[in-house]
Amino acid sequence: NASLVSKRLRDLEQAYLQQIEVEQKRSERLLLNVLPGPIAERLKRGEQTIVESFQSVTVLFGDLVGFTRFVSQHSPPEMLNLLNTIFRTFDEIVERYGLEKIKTIGDAYMLAGGLPLPRAGHVQLMAQAALEMQEAMARLNEEGAIPPFQMRIGIHLGPVVAGVIGSQKFSYDLWGDTVNTASRVQAFSTGGRILVSAEVCAALGSAFRFEEHGPIQLKDLRQMQTYWLLGRS
């Protein structure tokens with residue numbers, strides 16, 4: 001009887017340890033779904049505050065033209081299915097180019113390149129990803145997978161502060177003038193097109209084709225020259 005009890009206890013202990021391992025792996029997968037891999041690893045090692053400065057990061061903002069009207073005429077499940085179709089397609093492009101999806105807010109989509117690990121060529125990767133996002137939108141429209149929506153995109157390049165905020169619901173986010181300017185550039189873009197700042201244009205150089213858009217006014221009343229990104233040379 002004693003040996004049977006001992007075996008039963010060992011079996012229970014083994015089952016308990018296996019369940020703990022399953023839950024740990026599940027927690028790790030969830031953490032990796034909301035945070036970049038290197039950031040998730042640092043949190044697992046016990047770091048409490050993660051805040052870093054990056055001197056060169058490419059930031060992209062995009063949003064759907066006509067989405068507000070669609071929401072007013074369709075049910076919430078239809079709205080969510082539409083966003084899921086579009087953003088899952090974008091996610092595949094982002095992963096392929098090694099960029100970081102920062103967040104989605106409603107129909108807005110925010111990306112960054114060059115963090116959380118500095119990476120050479122992130123401006124070129126972002127430009128190519130943006131072009132493929134517009135191509136994907138055109139394809140989804142042609143296939144009838146989505147209503148006739150267009151995405152307007154704006155891209156800027158510069159220094160940012162990035163880090164994790166919160167102690168319960170983790171969020172990796174960016175702050176700084178570069179982020180605000182990228183959002184402003186996107187606001188001056190139009191559906192189906194990609195507007196970039198002069199900094200992005202200079203960094204991309206002759207490998208891509210551009211068309212001058214002209215200056216835009218930032219919220220602090222500064223003027224910034226901008227260009228339409230047309231494609232690769």
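Quick note: the coordinates plus some simple rules give every number you see, no bench work behind them. Predicted model only: the values in this text are computed from it and were never measured. As a convention, Cβ positions derive from the backbone with ideal geometry for all residues, glycine included, and neighbour counts pool all protein chains shown.
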Most fluctuating residue given options 105, 146, 216, as computed from a GNM of the chain linking Cα atoms under 10 Å
105
In debye to the nearest 20, how big a dipole does the range 54-192 give about its Cα centre with +1 on each Lys and Arg Cβ and -1 on each Asp and Glu Cβ?
260 debye
Relative to the first principal axis of the alpha-carbon coordinates of the chain, what is the inclination of helix 177-187, with its axis defined by its Cα atoms, in degrees from 0 to 90 and to the nearest 10?
60 degrees
In the chain, what is the count of Lys pairs whose alpha carbons are under 25 Å apart, counting only pairs at least 8 residues apart or on separate chains?
10
Sum of side-chain charges, residue 110 neighbourhood, beta-carbon under 12 Å (Lys, Arg +1; Asp, Glu -1):
-2
Would you compute, from DSSP H runs of 4+ residues alone, the mean residue ellipticity of the chain at 222 nm, taking -39500 (n - 2.57) per run and dividing by the full residue count, rounded to the nearest 500?
-15500 deg cm²/dmol
Cα gyration tensor, the chain - rounded (a/c under 1.5), prolate or oblate
prolate
